[in-house]
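Input: a single structure, listed below in structure tokens.
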Amino acid sequence: MAMNTNNRLRRLHRAMGALLCLALSLPALGREADASKATDEPGKAGPDTSQWKCASCPFASGLSGYLGFGLGNVSTDFSEFGNFGGLEDQGLYGAFDADLLYRADDARYLEVQGDRLGLDSRSLSVEGGRQGSYSLSLDYDEIPYIQAEGARTVFLGAGTADQTLPEDWVRGDTTQRMPQLSSSLHDVGIGTRRKTLTLGLDVRRPDPWRYRVNVQRIRKEGSLIQGGSFIFRSALLAAPVDYETTNVAASVGYEAKTWELAAEYDLSVFDNGDTALRWENPFTPINGADQGQIALSPDSQSHQVMLSGSWRMPRWLTVSGQVAFGRMEQDEAFLEPTVNSSLTVPTLPRFNLDGQVNTRVANLRVTSDLTDRLGAKAELKYDERDNDTPIDAYRQVVTDVFVTDLVSNRPYSYERRIANAGLDYRLVSWLKVSAEAEHEEMDRTFLEAANTNTDTYTVRARSNPLASLNLNLKLSHSERGSDLNPALLGEDVNPGLRRFYLADRRRDMGRLDADYALRDNMVVGIFFEKADDNYGDSDVGLNGASDRNYGLDVSAILSEKVNAHAFVAKETINSDITGADIFDPNDLLGDPWRAEENDNFRTVGFGVEFNQLPGKWTRAAIDFTYADAKGDILVEKSEETPDFPRLLTRRYTLQASAAREIKEDLDLNVRYLMARRDRNDFFYDGLQPDSVPNVLTLGNGLDDETVHVFSVMLRYSF
Amino acid sequence: MRLRNSKNNKPRVRFPGVFLVAMLGLALTGSAVNAADEEAGAEKLPDYTRTGADTCLKCHGDDAKVMTIFDTPHAVKADGRTPFAGAQCESCHGPGSEHAGRVGFGKERPPIPAFGAKSPWTTERENKVCLGCHQDQEHRFWDGSGHQRQDVGCVDCHTVHARHDPVMETETQAPVCLDCHSEQRIAINSAYSHPIRYGEMACTSCHEPHGSLNPAMLTGTSVNRTCYKCHAETRGPFLWEHEPVTEDCTLCHRPHGSNNPALLTRRPPLLCQQCHSRLSHPSIGRTAEGLPSGEASQFLLSGSCLNCHSQVHGSNHPSGTPLSR
């Protein structure tokens, strides 16, 4: 395998050398000086503007903008619709927004923008300062997220770190044998709210120095679904989410005319308000395991120092690069290996992980406009994850049920190196071709493939044979090889397994897109993209995948006051996976099976904007989007098996709005929003907490819904 | 543990010799060639107008879109860097005396040199106008970037004559990007996606369209470091790591959108069985037997593998080897 790798490298080097020799000799083959190039840029020999009064210029001064306030109504509870948007609850809501700008004559300014201020998806942005000197900014936004609708649980304290069963709970071997199950169920909302506050300072004095500091705090609260298991029995829990992430980015930069240099320090601190989730086992305990404890995401820190910059020689050479050194750390105290009081708790080799991952990144890019027609680019990239976490052996207690072997942790490291070179050549004024070659090497620790190497060749053509027509074509071929050793796959693993991200792979990709101006006021665009992955050496695992993607969009200016757009797009993703049922450790090749997973997506939409309507209606818009996604899963085994039901999500969204002038500074804005979602998902449909004998689910089915939202807002402008 | 070449214990970082030769060749050739180009002589530009913006606004003063420039940072006279502290409209649009001057009978008015409906300047030349002022830290990696090599113009994305440039606002940015990146329209309208279609996230939450040395023009130095900005709970390091998670989030997730919960590329168990085929339950192909009624497959429904192996991003529990604790 190493010999093949070396041969491929040598071939690639020869190819790159030939490409570059050709490029370097092209100028000598005779090229025409492009007489149309201009070197005289505006401002270099600028006009005498001392008498340019700009008397007709209405420069912004003082306060301008608008405040909007009103009411809206949501017709029905619809969590999917409220997801991210904050409109999930039936009833009235306050609609507030604001857009204010203050400008002083000495370049000081203050800008305030607020959207959806009455909803859980509100955002507020405030920025002020002196343009060209300094600015201070404050950004705040909230994102609600609903993970499960209609969820029900038996656990008391759902969503907290300690979840218990009702006092009268009777355990059973299966969910159908839990007599108190139905009477103990209660509703639980599962989702999170993310609140992000960012403070920024940007100082540009003294020129050409620039100083920037950004401090961002992200607070995420709520709950998410997490499975807690005891061997093959599991309960789905509403696990607590109490995250706080603080990101600090500080940089100092120097901006000269032909070069910039910046040094930046990035800090990220993650703090989890909960270290563990403990829950009572609703099933009949095995070996005394009546409760379990999961370690939640530990507190951690990340640091990175980066030096980056670029240098531009006039026109013909630009060099840009960055070097970054980072470290990720985690030293949270370990939990006990088990909370099963009937077991002897193993001794831990250490009290915390003392986890430390060093990262190193170096990127260099050189681009050159060799001539007016010929451009070249070369890049080197290096990315290393060097995991210095100590290795120790830990006695395992499998899901709090029984004590088993010592297992050593494996701190994964990798090193990625990429070399890339490309040429762009304008053959004629309306046709530009490009060719690019890239070689990637990746080394990994603890895996069956210590090294993978990938060669990728790409050609592109950009053409505008007519002023109204643009065409782009891209073709790419990639081959990956590795030194994979099946003996390192592990105990009791099918020797034919090839993990797709390590396996030999051939990838072919092509894309064609075109934009055509049918008329001065109408543009049509089409695209078609095709990608195929083939894992020819993989007996078990992903064998192949394909992606077909195409679409059409039209935009038109129908009149001075009317714009319209429409689009349709479709994508199909197919995957082939092979496996084998292994029941006998002496027959790891097992009974083969084959699976296909096919996803089909379609999106259609249109919209019209009116910039003036009859009477005092100032503007209106209507926008409709339809999107559907179908998923088909097929599993073929030696015995005949029924088909899986089709996965389906279908979404319709219609938005209409209009604004009417009431007075010179007062507008009435009316909005209507209709959304409908249909969904079939056999993984969840009709699932009750006791549907699966050994999994106590949350019964979070997915209902089809239609919702109407109507809002009226007055906007006062000044 | 640092990766080492097994022979001499030195880090294996190779610099292809042809790359160094290529750089030397570029330096020598580019210098000579471009010196010759610069001798070819400059184009003769028209003159500037006599009164600047006052000339332009005689015709364009009734155009609301033109006039919105005065609500923008480009029209702040007290900031000496801005166009209106200098050659006003012609700072960007180029000298306009021919465009604004008298037009002979039956002849067509010459277009303004740049950023007009029929302006003759190329995209690259127009970009240089913008970069004349905006060649700063935010744009330092423009040369050689994907957009620059694809001849994307600044004004293909930016609307300068607007109080709020749509591409600069979270709520209105995505449609601008989707004009060219049409294929992502499907992904962001998928069953499960980042909140881009709701205007809660913008493409620039993850990508740097002005150019970046990072993969896929990301803001972070790798895919994972970009994701960790919002999803720091998956960063670790953990005691028991799930190795594809540490390498690349997109091995399992489709960040623009997917048909599967958590934006997964495939549904478990098939997602997991791409990489796991071991004695007993991990290897078993799960079928539709028992669906939609009756005894459903216990390893299939709801979260499938994740019903038990819920610590899929890694576990810090001493007994967390199977990612169940």
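The values are calculated or read from the model by the stated rules, or taken from the named source; none is laboratory data. In this text the structure is predicted, and so the values were computed from the model without any measurement. In this analysis, Cβ positions are derived from the backbone assuming ideal geometry, glycine residues included, and neighbour counts consider all displayed protein chains. For the accessible areas, the whole protein counts, side chains as well, though only heavy atoms, and no ligand, DNA or RNA atoms are used. Shrake-Rupley method; radii C 1.70, N 1.55, O 1.52, S 1.80 Å.
Structure notes:
- Heavy atoms of chains B and A lose about 16600 Å² of accessible surface on contact, summed over both sides with a 1.4 Å probe.
- Protein heavy-atom surface of chain A, 1.4 angstrom probe: 54% of the accessible area is carbon and sulfur, with nucleic acids and ligands not counted.
- Based on Cα atoms of segment A:191-347, Rg over Rh with Rh as the Kirkwood radius reads 1.21.
- Scaling the Cα radius of gyration of segment B:164-205 by the globular reference 2.2 N^0.38 Å produces a ratio of 1.06.
- Lysines with Cα under 21 Å of residue B:229, excluding same-chain neighbours fewer than 8 positions away: A:195, A:220
- Whole-number D in µm² s⁻¹ for segment A:223-302, Kirkwood Cα-pair radius fed into Stokes-Einstein, 37 °C, 0.692 mPa s: 202 µm²/s
- For A:539-547, mean number of other protein chain Cβ atoms within 10 Å: 3
- Working note: Debye formula, equal point scatterers on the alpha-carbon atoms of chain B, no solvent; log10 I(q)/I(0) at q = 0.07 Å⁻¹ is -0.51.
- Percent of C-alpha pairs per 5 Å bin in segment A:121-204, short distances first: 3, 11, 14, 12, 11, 8, 7, 6, 7, 6, 5, 4, 3, 2, 0.
- Per-residue mean of C-beta atoms belonging to partner chains within 10 Å, peptide A:417-424: 3
- Rolling a 1.4 Å probe over the protein heavy atoms of segment B:53-103, with every protein chain left in place, gives an accessible area that is 55 percent carbon and sulfur.
- Note on surface exposure: B:317, B:242, B:181 rank B:181, B:242, B:317 by accessible area, highest first, 1.4 Å probe.
- Here the relative contact order of chain A, from alpha carbon pairs under 8 Å that lie six or more residues apart, stands at 9 percent.
- Accessible area per residue for segment B:164-205 is 39 Å², calculated with a 1.4 Å probe on protein heavy atoms, without ligands, DNA or RNA.
- Rg [Å, one decimal], Dmax [Å, integer] - segment A:259-309, C-alpha atoms: 21.6, 70
- Normalising by residue count, segment A:311-421 has a Cα convex hull of 120 Å³ per residue.
- Each of A:140, A:501, A:382 has its accessible area taken with a 1.4 Å probe; listed largest first, they run A:140, A:382, A:501.
- Projecting the alpha carbon convex hull of segment A:82-227 along each direction and taking the average yields 13.0 nm².
- Helical mean residue ellipticity (222 nm; -39500 (n - 2.57) per DSSP H run of 4+; nearest 500) of chain A: -1500 deg cm²/dmol
- Helix axis angle, B:17-38 relative to chain B longest principal axis, alpha carbon, degrees: 10 degrees
- Residues in segment B:222-252 reached by a label modelled at residue B:181 [backbone nitrogen below 20 Å; 7 Å Cα→Cβ]: B:222-231, B:248-252
- Spatially proximal lysines relative to residue B:77 (Cα-Cα < 24 Å; intrachain offsets below 8 disregarded): A:44, A:53, A:257, B:58, B:65, B:128
- Long-range tail of P(r) for segment A:368-522 (Cα pairs > 24 Å, %): 58 percent
- For chain B, the longest principal axis of the C-alpha atoms and the axis of helix B:123-134 are separated by about 90°.
- Shielding value for A:216-226 is 2, the average number of Cβ atoms from other chains within 10 Å of each residue's Cβ.
- When you work out D = kT/(6 pi eta Rh) for the protein assembly as shown at 4 °C and 1.567 mPa s, using the Kirkwood radius from C-alpha pairs as Rh and the Stokes-Einstein form, the result is 41 µm²/s.
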